[in-house]
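What follows is one structure encoded as structure tokens, with my remarks underneath.
No value in this document is a laboratory result; all are computed from the given coordinates. Just so you know, these numbers come straight off a predicted model, no measurement behind them. For neighbour counting, all protein chains shown are included, and Cβ atoms are generated from backbone atoms with ideal geometry for every residue, glycine included.
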Amino acid sequence: MVAELTQSDYPARWWETLSDGRIECRLCPRFCKLNEGQRGFCFVRQRIGDRMVLTTYGRSSGFCVDPIEKKPLNHFLPGTSVLSFGTAGCNLGCRFCQNWDISKAREWDKLADAASPEQIALAAQRLGCRSVAFTYNDPVIFAEYAIDVAQACRERDQNRRGDRRLRHR
């Protein structure tokens with residue numbers, strides 16, 4: 001049975017309430033000003049009640065194992081694999097975007113994979129990936145999720161290194 005995909009209501013950071021009652025997103029330079037129920041230009045940050053939420057937290061548009069050489073930071077860890085993922089939505093409006101079907105998605109079916117930050121870190125380790133890339137859209141729009149994923153990856157790496165040090169004593 002396939003579970004019904006619902007949007008996240010993860011509390012967003014980086015917003016403030018304006019004197020006129022709207023909420024202004026302070027995450028990117030667009031400074032979207034939202035009334036109840038409205039979404040920002042990125043489509044993934046939404047005002048619900050008196051707060052802003054990240055609707056895509058824990059949902060990815062897909063995962064892929066790539067060679068690090070495909071990434072802008074290809075000179076870090078050359079010859080290794082990277083676990084790449086992104087979410088739906090984007091705060092950019094690039095006319096040449098090769099990922100427009102994901103980055104401008106408005107359907108929840110583009111968010112095919114559910115994964116907690118810890119699950120992503122574990123998947124990267126199990127797949128032999130030395131790094132994780134936030135890609136397919138501008139990761140600033142899912143900053144809360146990206147930060148949590150980075151922290152989970154760091155913790156897993158520190159635990160792995162600690163385990164290895166213990167075994168070599």
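Only the Cβ atoms of Lys and Arg (+1) and of Asp and Glu (-1) were treated as charged; on that basis the dipole of the chain about its Cα centre amounts to roughly 700 debye. A dipole drawn for the chain from +1 and -1 charges on Cβ atoms has a positive end, and of G86, C64, L127 the residue lying farthest that way is L127.
A cut-off of 5 Å between modelled amide H atoms, ignoring neighbours fewer than 5 places along the same chain, links R26 with W15, E16. Coupling constants for the stretch 116-121 follow from the phi torsions by the Karplus curve (6.51 cos²θ - 1.76 cosθ + 1.60, θ = phi - 60°), and in residue order they are 6, x, 5, 5, 5, 4 Hz; glycine and proline get x. Here each label is just a point 7 Å from Cα along the line to Cβ, and for R160 and L77 those points are 0.7 nm apart. Rounded to the nearest 0.05, the FRET efficiency derived from the C-beta distance between D20 and F96 at R0 = 35 Å is 0.45.
Net length available on complete extension from V140 to R51 is 30.2 nm, with 0.36 nm assigned per residue and the Cα-Cα distance removed.
Can you tell me how much longer the chain between R30 and E69 gets when fully stretched, taken as 0.36 nm per residue apart minus their C-alpha distance, in nm with one decimal?
10.9 nm
For the chain, adding -39500 (n - 2.57) for each run of n ≥ 4 DSSP H residues and dividing by the number of residues yields -7500 deg cm²/dmol at 222 nm. What's the angle, to the nearest 10 degrees (0 to 90), between helix 143-167's Cα axis and the longest principal axis of the chain? Taking Cα atoms only, the helix is inclined about 20 degrees.
Mean sequence separation of contacting Cα pairs (under 8 Å, at least six apart), scaled by the length of the stretch 7-99, corresponds to a relative contact order of 23 percent. Each peptide in 124-135, 68-79 was scored by the mean count of other Cβ atoms within 10 Å over its residues; highest first, the order is 124-135, 68-79. Ordering G21, C42, F96 by Cα displacement along the dipole of the chain toward the positive end leaves F96 in first place; charges were set at the Cβ atoms of Lys, Arg (+1) and Asp, Glu (-1). Put in order of Cβ neighbour count within 10 Å, fewest first, the listed residues V53, V65, V44 become V65, V53, V44.
Give the order of R22, R13 when sorted by the count of other beta carbons within 10 angstrom, beginning with the fewest.
Going from least to most buried by this count: R13, R22.
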